[in-house]
Amino acid sequence: QVQLVESGGGLAQAGGSLTLSCAASGIIVSRNVMGWYRQAPGKQRELVASITPTYVTTYADSVKGRFTISRNNAKNTVYLQMNNLEADDTAVYYCNIVPSWKTGAYWGQGTQVTVSS
């Protein structure tokens, strides 16, 4: 049974930083393409960063150069380091396998990131 627990969100000022964590169980993160998604109010959920089993990373243009995805295999955890935050980064952030249908309809509770300008 898949369980993904996101944490680390909060309130940050524009230009600030936050680090999100996603603790996984029921899947092995190092054997899957793992991604961080976000959903802003009134918008569809979007993939912002992903990491492959061979550590190839991909980023949405909107976060490239500011966000860094990584993972700790021993802890079965995926991270998202977010720097130089912008107001448009305000959203609920989720982690999941890429593509997300591989976990069925499952999504964790997410973690809220709010950036004040």
Area of S30 that stays accessible when all protein chains are in place (1.4 Å probe, Å², to 10): 30 Å²
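Could you look at the chain and say what percent of its accessible area is carbon and sulfur, using a 1.4 Å probe and all protein chains?
On the way: 2990 of 5990 Å².
Summing carbon and sulfur atoms, their accessible area is 50 percent of the total for the chain.
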Report the relative contact order of the chain, percent, no decimals, based on alpha-carbon pairs under 8 angstrom and at least 6 residues apart. 36 percent
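Just the number please: accessible area per residue for the chain, 1.4 Å probe, all protein chains included, in Å².
51 Å²
Using the crude model of +1 on Lys and Arg Cβ and -1 on Asp and Glu Cβ, and no other charge, please compute the dipole size for the chain relative to its Cα centre, in debye to 20.
Values: 9 positive and 6 negative charges, 69 e Å.
Dipole magnitude for the chain comes out near 340 debye.
What number does the chain give for Rg over Rh if you use C-alpha atoms and the Kirkwood radius? Please report the intermediate quantities before stating the final value.
On the way: Rg = 13.2 Å, Rh = 14.0 Å.
Radius of gyration relative to Kirkwood radius: 0.94.
Relative contact order for segment 66-117: what percent, with Cα pairs under 8 Å and sequence separation of 6 or more?
On the way: 61 pairs, mean separation 17.5, N = 52.
The normalised contact order for segment 66-117 reaches 34 percent.
The values are calculated or read from the model by the stated rules, or taken from the named source; none is laboratory data. Everything quoted here is computed from the prediction, not taken from an experiment. No Cβ is skipped: glycine too gets one built from the backbone with ideal geometry, and neighbour counts run over all protein chains shown. All accessible areas refer to the heavy atoms of the entire protein, side chains included, with ligands and DNA or RNA removed. Shrake-Rupley method; radii C 1.70, N 1.55, O 1.52, S 1.80 Å.
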